[in-house]
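J.: Pasting a structure here, questions to come.
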There are 2 protein chains.
Amino acid sequence: MIINIPENSDFSIHNIPFGIFSTADRSPRAGVAIGEHILDLVAVAELDVFDFNTAVLEKEVLNDFISLGKTITNRVRKDIRHWLQDEDSVLAGKPELFVLQSEAQMHMPVYIGDYTDFYSSIEHATNVGTMFRDPAKALMPNWKHIPVGYHGRASSIVVSGEAIHRPKGQTLPKDSDAPVFGPSQRLDFELEMGFITGKNTSLGQSVSTDEAEDYIFGMVLLNDWSARDIQKWEYVPLGPFLAKNFASHISPWIVTLEALDPFRVSGPEQNPKVLPYLEFEGTKNYNINLEVGIAPENTEEQIVCNSNFKYMYWNMAQQLAHHTINGCNINIGDLYGSGTISGKDENSYGSMLELAWMGTKPLKMNDGSERKFIQDGDTVIMRGYAEKDGKRVGFGEVSAKVLPAK
Amino acid sequence: MIINIPENSDFSIHNIPFGIFSTADRSPRAGVAIGEHILDLVAVAELDVFDFNTAVLEKEVLNDFISLGKTITNRVRKDIRHWLQDEDSVLAGKPELFVLQSEAQMHMPVYIGDYTDFYSSIEHATNVGTMFRDPAKALMPNWKHIPVGYHGRASSIVVSGEAIHRPKGQTLPKDSDAPVFGPSQRLDFELEMGFITGKNTSLGQSVSTDEAEDYIFGMVLLNDWSARDIQKWEYVPLGPFLAKNFASHISPWIVTLEALDPFRVSGPEQNPKVLPYLEFEGTKNYNINLEVGIAPENTEEQIVCNSNFKYMYWNMAQQLAHHTINGCNINIGDLYGSGTISGKDENSYGSMLELAWMGTKPLKMNDGSERKFIQDGDTVIMRGYAEKDGKRVGFGEVSAKVLPAK
């Protein structure tokens, strides 16, 4: 191995995810995470080892690199894997190609033109339905027929590490019919994963479930923050708006769908049968362990949730097929969120709303405090990794601190 | 006058709207509509009359031009008005600066990063509430407190003239609990106007109602197509999705807020009183006449709706103040739709849903046919203009034909 990779690293030789980084003396550029390091792809390109226009590696986002297509991007990934493992490769004896992750700043990996958020965890949808409606009719009648989704705000998606201020907005006090204005009192995280598309379509074109994975470049972790009290007052009839668009955070490394291929598993049985355009062949869920930690100000982090991406009722191929069945066009760099990923167990719920069950079961923190929702000064950290036969492919983390309202 | 401007032209000397056009021998570039012509701004720039980097005029969208700021873009507009009226100006005797609109192709005027659709006409919201819920409680409790809005799809917004295919999707047949798949049977237009932002904000920043107009570059007509049957089945609880994102059309010329300034009028009284962040000073509605025509295949157009932008309950400054009160950031080129603009009279309703009252009062067409919703082969045309003291400032039209489902 050209570079030391710690055991249990998310960024093993089996991963090779792409991101955009900078350092004091390197402008934002494409890199690959390997162990505790980043391989600088612009520096690699200077070795004249790539047969594409390497100007795409010097851009501030990966969109142009991704637009080269999987034939090229997969080969880059394969070549890098090979070179890193070959002591005599072009990368050997060139420490200047590598940067410590701890010394780099990560940036948004792609420019996101459109952001869609699905609602595809049956456990999450059932929990929400149970809390707010009739437990016997927790799922809406359309839920098992449609991968329910809605459009989110692309401009306010930021990369892990960027602190945010608690949002302000209108909420309706209990037993009142006049709203009040102020900082949200029910700020929540949502544990999600997101996929990023790698090919464009034209208006009017549809992507079948068979074709869908060819349109997906890779995945990231997604913390899709929610202000539950703002949402409650605003969302009927047109859906969430200011309760969501103040910020969403993604992890900086895009793990390719190819790196996740060994971790495919079957998803939940879909009953009733879905309409033909949503039928699919093969195994299209992925076994990705997920966890959420909360670190109160000046206090150690505490894990509050262990979930898994394999719980998803609707898979990514079905989501993309549904999204485009009406001819809606997609672009390289679009982000598609899974919706909150909850499992069956109480400790696998992917939001404070569910973990503390609408505030009725506050979480006890190690420092003696309690949490119904997220407090000022809290840092929320999400991690995810897949592991099988000693091979580990992970996402690192998406982490963000909540500052008081401005 | 340097060029002949027909009486009653939308593109009078008082307008000077900006757009992107091309011809057989001119690549897409910035232009100004004047009468039946377009003034080629790249050709004007070659006369060395501008003091900014005129490369922005050669871009395929106006975003970079707009980013110069109103100090510059307003001066460009003022200079052009002056030159067009001065027989001895730099534009005199140079017919090569002008192109006939009939010989040009119009393109999307801006790249739209994010698209938000509001729901700000009280008559429209009341009509919809009356049809689908209790007429006595037609408006939702939040409606008079919040300029209700939701995020739409930016990728599928196209320019006037581009034909679209009828969307397909899931709908729920009457008295059934199993959805079926097929072409929408209830395709509808929505008569809207949209404003385009001309300044960026940072995440966490808010724009007050006082500042809002400084952030608005100009306006366009917007046909925000809807598939009512798809929407009915999908939209609870997270809002419209595939019922809307198959296409929206905008008019190609951006009429600046400065050109619309003489047409300011007071809006409807807002009662109950709005929260302080939504209060505003001055007159912030605009008197803009709107009409919708339907031209069935091989048949003459028939006007089916006469409305006015002045009916809006919530004005644009309130919409933008609300959108950013939680710190949501905005970018140059974002589009913000008004929501369907209906008036009090039955002939002022801005959608087929309302005009034909859910299909119970079909519109009689001149060719003997009836319309409950839009049929294949129909072309829907929307027009808008303001007029006062003999001065007319108009938008031209947004027009699109509906082709059968693919």
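The values are calculated or read from the model by the stated rules, or taken from the named source; none is laboratory data. Quantities reported herein were computed from a predicted structural model and do not represent experimental measurements. Ideal geometry is used to build each Cβ from the backbone, glycine not excepted, and the neighbour counts take in all protein chains shown. For accessibility, only protein heavy atoms count, side chains too; no ligands or nucleic acids. Shrake-Rupley method; radii C 1.70, N 1.55, O 1.52, S 1.80 Å.
J.: Rounded to the nearest 10 degrees, what's the angle between the helix B:70-85 long axis and the longest principal axis of chain B, both from Cα atoms, 0 to 90?
T.: Once rounded, one gets 70 degrees.
J.: So how do B:231-238, B:249-256, B:26-33, B:156-163 stack up, highest first, on mean other-Cβ count within 10 Å?
T.: So the peptides B:231-238, B:249-256, B:26-33, B:156-163, ranked by packing, come out B:249-256, B:26-33, B:231-238, B:156-163.
J.: So if we plug the beta-carbon distance of residue B:105 and residue A:361 into 1/(1 + (r/R0)^6) with R0 = 56 Å, what FRET efficiency do we get, rounded to 0.05?
T.: 0.35
J.: With a ≥ b ≥ c the root eigenvalues of the C-alpha gyration tensor of the range B:102-256, is it rounded (a/c under 1.5), prolate (a/b larger than b/c) or oblate?
T.: Oblate.
J.: Can you give the accessible area per residue of chain B, in Å², using a 1.4 Å probe?
T.: Value for chain B: 38 Å² per residue.
J.: Across 5 Å bins from 0, what is the distribution of all Cα-Cα pair distances for the range B:161-228, in whole percents?
T.: All Cα pairs considered, the percentages come to 3, 12, 14, 14, 10, 10, 10, 11, 8, 5, 0.
J.: Can I ask one more? Sum -39500 (n - 2.57) across every DSSP H segment of at least 4 residues in chain B, then divide by the residue count to get the 222 nm mean residue ellipticity, nearest 500.
T.: Theoretical 222 nm ellipticity from helices: -4000 deg cm²/dmol.
J.: Roughly what angle does helix B:122-132 make with the longest principal axis of chain B, taking Cα atoms, 0 to 90 degrees, to the nearest 10?
T.: Compared with the principal axis, the helix lies near 30 degrees.
J.: Oh, and also: I need the inter-copy label distances for residue A:68: point set 7 Å along Cα to C-beta, values in nm with one decimal, smallest first.
T.: 3.7
J.: Gaussian network model of chain A, Cα springs within a sub-10 Å range: biggest mean-square fluctuation belongs to which of A:197, A:126, A:283?
T.: Among A:197, A:126, A:283, the largest mean-square fluctuation in the Gaussian network model of chain A belongs to A:283.
J.: At the nearest 100 Å², what buried accessible area, both sides summed, do you get for B and A when the probe is 1.4 Å?
T.: 5300 Å²
J.: For chain A, set up a GNM with springs between Cα atoms under 10 Å and report which of A:242, A:290, A:260 has the largest fluctuation.
T.: Between A:242, A:290, A:260, it is A:242 that shows the largest mean-square fluctuation.
J.: In whole Å, what three semi-axes, largest first, describe the equivalent ellipsoid of the range A:18-107 built from its Cα gyration tensor (square root of 5 times each eigenvalue)?
T.: Three semi-axes, in Å: 18, 18, 11.
J.: Kindly rank A:375-388, B:87-100 from highest to lowest mean number of other beta carbons found within 10 Å of each residue.
T.: Going by the mean number of other Cβ atoms within 10 Å, highest first, we get A:375-388, B:87-100.
J.: Which of the aspartates and glutamates could a cross-linker bridge to residue A:174, judged by Cα under 18 Å and excluding same-chain residues fewer than eight apart?
T.: Qualifying aspartates and glutamates at Cα under 18 Å: A:229, A:234.
J.: Another one. Would you tally the net charge around residue B:243, using a Cβ to Cβ cut-off of less than 13 Å, leaving residue B:243 out, and scoring K and R as +1, D and E as -1?
T.: With Lys, Arg at +1 and Asp, Glu at -1, the neighbours total +1.
J.: Per-residue Cβ counts within 10 Å, from other chains only, averaged over B:175-184: what number is that?
T.: Other-chain Cβ atoms within 10 Å of each residue's Cβ, averaged: 2.
J.: Residue A:92 label points, 7 Å along Cα→Cβ, one per copy: pairwise distances from this copy to the rest in nm, shortest first?
T.: Values, ascending and in nm: 7.8.
J.: Still on this structure, please answer the following. Compute the relative contact order of the range A:18-107 as a whole-number percentage, counting only Cα pairs closer than 8 Å that sit 6 or more residues apart in sequence.
T.: With pairs under 8 Å counted, the relative contact order is 39 percent.
J.: Sticking with this one: Once you average over the residues of B:246-257, how many Cβ atoms of partner chains fall within 10 Å of each Cβ?
T.: If you average over the peptide's residues, the count of other-chain Cβ atoms is 1.
J.: Over the Cα atoms of the protein assembly as shown, what Rg and Dmax result, in angstrom?
T.: 27.1, 82
J.: Net charge near residue B:220, counting Lys/Arg +1 and Asp/Glu -1 over other residues with Cβ under 13 Å of its Cβ?
T.: -4
J.: Let me ask another. So what does the Cα-only Debye profile of the range B:298-395 read at q = 0.12, 0.13, 0.24, 0.25 Å⁻¹, as log10 I(q)/I(0), no solvent term?
T.: So the normalised log intensities work out to -0.58, -0.66, -1.29, -1.34.
J.: In terms of the Cα gyration tensor, with a ≥ b ≥ c the square roots of its eigenvalues, is the range A:247-349 rounded because a/c is under 1.5, prolate because a/b exceeds b/c, or oblate?
T.: prolate
J.: OK, next. For the range B:115-403, how big is the tail of P(r) above 36 Å, as a whole percent of Cα pairs?
T.: Roughly 12 percent, rounded to a whole number.
J.: Let me ask something else about it. Keeping the other protein chains in place, figure out the carbon and sulfur percent of the accessible area of the range B:52-103, with a 1.4 Å probe.
T.: Its accessible area is 46 percent carbon and sulfur atoms.
J.: List the distances, in nm to one decimal, from the label point of residue A:279 to the label points of the same position in every other copy, shortest first, placing each label point 7 Å from Cα along the Cα-to-Cβ direction.
T.: Distances between equivalent label points, in nm: 6.3.
J.: May I ask for the net charge around residue B:297, where only other residues with Cβ less than 12 Å from the Cβ of residue B:297 are counted and Lys, Arg are +1 while Asp, Glu are -1?
T.: After counting each charged neighbour, the total is -4.
J.: Take every residue in peptide A:203-209, count the Cβ atoms of other chains within 10 Å of its Cβ, and give the average of those counts.
T.: Rounded to a whole number, the mean comes out at 3.
J.: Can I ask one more? Just the number: Rg to Rh for the range A:1-50, Cα atoms, Kirkwood Rh, two decimals.
T.: Rg/Rh for the range A:1-50 comes to 0.98.
J.: How long is the gain from residue B:136 to residue B:200 if the chain were fully straight, where each residue apart is worth 0.36 nm and the alpha carbon distance is subtracted?
T.: Additional length available on full extension: 18.9 nm.
J.: Report, ordered by chain and residue number, the lysines lying within cross-link reach of residue A:391, taken as a straight Cα distance under 17 Å and ignoring same-chain residues fewer than 8 apart.
T.: Cross-link targets: A:78.
J.: Got the relative contact order for chain B handy, in percent, Cα pairs under 8 Å and 6 or more residues apart?
T.: It rounds to 21 percent for chain B.
J.: Quick one: among B:135, B:276, B:109, which has the greatest mean-square fluctuation in a GNM of chain B with alpha-carbon springs under 10 angstrom?
T.: Fluctuation is largest for B:276.
J.: Smallest Cβ-to-axis distance in chain A, for the rotation taking A to B: which residue, how many Å?
T.: A:239, 1
J.: If I model a spin label at residue B:302 and residue B:269 as a point 7 Å from the Cα along the Cα→Cβ vector, what separation in nanometres do I get?
T.: 4.0 nm
J.: Here's another thing I want to ask about it. Quick one: give the max-minus-min coordinate of the C-alpha atoms of the range B:255-308 along each principal axis, largest first, in Å.
T.: That gives 53, 28, 15 Å along the principal axes, largest extent first.
J.: What residue among A:56, A:99, A:89 has its Cα farthest toward the positive end of the dipole of the range A:18-107, where the charges are +1 on Lys, Arg and -1 on Asp, Glu, each on the Cβ?
T.: About the Cα centre, the residue reaching furthest to the positive side is A:56.
J.: Among B:171-179, A:114-122, A:203-211, what's the highest-first ranking by average C-beta atoms within 10 angstrom per residue?
T.: A:114-122, A:203-211, B:171-179
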